[in-house]
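Trainee: So that we are looking at the same thing, I have put the structure below in structure tokens.
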Amino acid sequence: MTVPVVRISALGVAALVVAAAAMVAASVSPLVPRASAYVLSNGCDEYDPATGTYYRCTPDRTTFYTPDGVNPNAVYPGTEYSATYSSTLSTTNTSDPIGIQPLVNISDPIMIPPPAPYSSSKSYCSIPWWAPSPYSSIWNYSCYQHDVCYGSQAGRKYCDVRFWHNMIADCKRAFWVISPSRYACFANAASWYAAVRAFGGSHYKPRTSSFQP
């Protein structure tokens, strides 16, 4: 029996390649408006095709809303989760846009000592047992900032949303926009934000020594 030989022209091969590429693109980003499969058409929101998760930018396009829908840039120093708190800390250093500097000065009514300086050789991230992360090393300075914020009693809600803001910024700096690690980093940041949101209350205490962050 003679087996028929199917010959495909160069043009036909090119058409098959284009069709296959289109199928891959469709499978990666179904129904997602795009400039690409990852950054949406507004140039700021991002989409993780592996988990179907959208990350929505804040109006000033500097970060994402938190997983529970809070705009970090709309939460100010002294903000607590409870309306019963009334901050008496001075906020004279409001030029600090991301909460790096402790909001403590001579008008601090309980005389919280200044924090210990950051040391790159020290780990500041208390890793939740249920949410270990390979990204804790790139968040180390953000963890230090969060510790300083808690120790300075700058407002627990404020500290937690700044932590989210800073972790997201760390992920963006570390990984390119189409890297799967970028979105794994975002997802881990969401778990850590949930951890401090749910369990950080017992750690929200004024520092008692300048050996503490």
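The values are calculated or read from the model by the stated rules, or taken from the named source; none is laboratory data. Quick caveat: nothing in here was measured; it's all calculated off a predicted structure. Heads up, the Cβs are rebuilt from the backbone with ideal geometry, glycines too, and the neighbour counts pull from every protein chain shown.
Trainee: Within the range 139-153, which residues are part of a helix (DSSP H, G or I), touching a residue at least 60 places away in the same chain (Cβ under 8 Å) and not hydroxyl-bearing (Ser, Thr, Tyr)? Write out each step before concluding.
Mentor: We begin by selecting, within the range 139-153, every residue part of a helix (DSSP H, G or I); these are 140-151.
Narrowing further to those that are touching a residue at least 60 places away in the same chain (Cβ under 8 Å): 144, 147-148, 151.
Result: Asp147, Val148, Gly151.
Trainee: Still on this structure, please answer the following. Which one of these does Ser191 not meet: (1) part of a helix (DSSP H, G or I); (2) among the polar types (S, T, N, Q); (3) at pLDDT 95 or above?
Mentor: (3)
Trainee: Okay, next question. Among the residues of the range 42-75 satisfying the criterion of being of a type in the set (S, T, N, Q), modelled with pLDDT of 90 or more and assigned to a loop (DSSP other than H, G, I, E, B), which is farthest from His146 (Cα to Cα)? It would help to see each step written out before you state the result.
Mentor: Of the residues in the range 42-75, the ones of a type in the set (S, T, N, Q) are 42, 51, 53, 58, 62-63, 66, 71, 73.
Within this subset, residues satisfying the condition of being modelled with pLDDT of 90 or more are 53, 58, 62-63, 66, 71, 73.
Right, trim to assigned to a loop (DSSP other than H, G, I, E, B) and you get 58, 62-63, 66, 71.
Numbers: Thr58: 21, Thr62: 19, Thr63: 17, Thr66: 16, Asn71: 17 Å.
Per the stated criteria, the residue is Thr58.
Trainee: Conditions first: (1) modelled with pLDDT of 90 or more; (2) within 16 Å of the chain's Cα centre (by Cα); (3) of a type outside the set (A, V, I, L, M). Ser133 passes all but one, so which condition is the exception?
Mentor: Every listed condition holds for Ser133 apart from (1).
Trainee: Given the condition of a type in the set (Lys, Arg), modelled with pLDDT of 95 or more and over 19 Å from Gly78 (Cα atoms), answer yes or no: does some residue in the range 166-177 qualify? Step through it out loud before you land on a result.
Mentor: Restricting attention to the range 166-177, the residues satisfying the condition of being of a type in the set (Lys, Arg) are 172-173.
Going one step further and asking which of them are modelled with pLDDT of 95 or more, we end up with 172-173.
Those left that are additionally over 19 Å from Gly78 (Cα atoms): 172-173.
Yes; the residues of the range 166-177 include at least one that is of a type in the set (Lys, Arg), modelled with pLDDT of 95 or more and over 19 Å from Gly78 (Cα atoms).
Trainee: Return the pair list, or none, for Cβ contacts closer than 9 Å from residues in the range 184-202 that are under 14 Å from Cys125 (Cα atoms) to residues that are modelled with pLDDT under 95 and of a type in the set (Val, Ile, Thr), at least 6 apart or on different chains.
Mentor: Note: pairs meeting the criteria are Trp192/Ile127.
Trainee: Still on this structure: Write out, first by first residue and then by second, each pair whose Cβ atoms fall under 9 Å of each other, whose residues are 6+ apart or on separate chains, and whose first residue, in the range 165-177, is within 20 Å of Ala50 (Cα to Cα) while the second is surrounded by 22 or more Cβ atoms within 10 Å (Cβ to Cβ) and among the aliphatic types (A, V, I, L, M).
Mentor: Ile168/Ala189; Cys171/Ala189
Trainee: Do you know which of the residues in the range 189-211 that are more than 24 Å from Asp68 (Cβ to Cβ) and among the small types (Gly, Ala, Ser) is surrounded by the most Cβ atoms within 10 Å (Cβ to Cβ)? Spell out how you get there, then give the answer.
Mentor: First pass over the range 189-211, keeping only residues more than 24 Å from Asp68 (Cβ to Cβ): 206-211.
Still in the list and also among the small types (Gly, Ala, Ser): 209-210.
Numbers: Ser209: 9, Ser210: 12.
Looking at residues that are more than 24 Å from Asp68 (Cβ to Cβ) and among the small types (Gly, Ala, Ser), I get Ser210.
Trainee: When you scan the range 154-188, how many residues do you find that are surrounded by 24 or more Cβ atoms within 10 Å (Cβ to Cβ), outside any helix (DSSP H, G or I) and in contact with a helix residue (DSSP H, G or I) (Cβ under 7 Å, 6 or more places away or on another chain)?
Mentor: Residues meeting the conditions: 0.
Trainee: Going by what's in this entry, would Tyr118 be described as buried (at least 20 other Cβ atoms within 10 Å of the Cβ), of a type in the set (Ser, Thr, Tyr) and either at pLDDT below 95 or farther than 15 Å from Pro72 by Cα (or both)? Steps first, please.
Mentor: Values: buried (at least 20 other Cβ atoms within 10 Å of the Cβ): no; of a type in the set (Ser, Thr, Tyr): yes; either at pLDDT below 95 or farther than 15 Å from Pro72 by Cα (or both): yes.
Against the criterion (buried (at least 20 other Cβ atoms within 10 Å of the Cβ), of a type in the set (Ser, Thr, Tyr) and either at pLDDT below 95 or farther than 15 Å from Pro72 by Cα (or both)), Tyr118 does not qualify.
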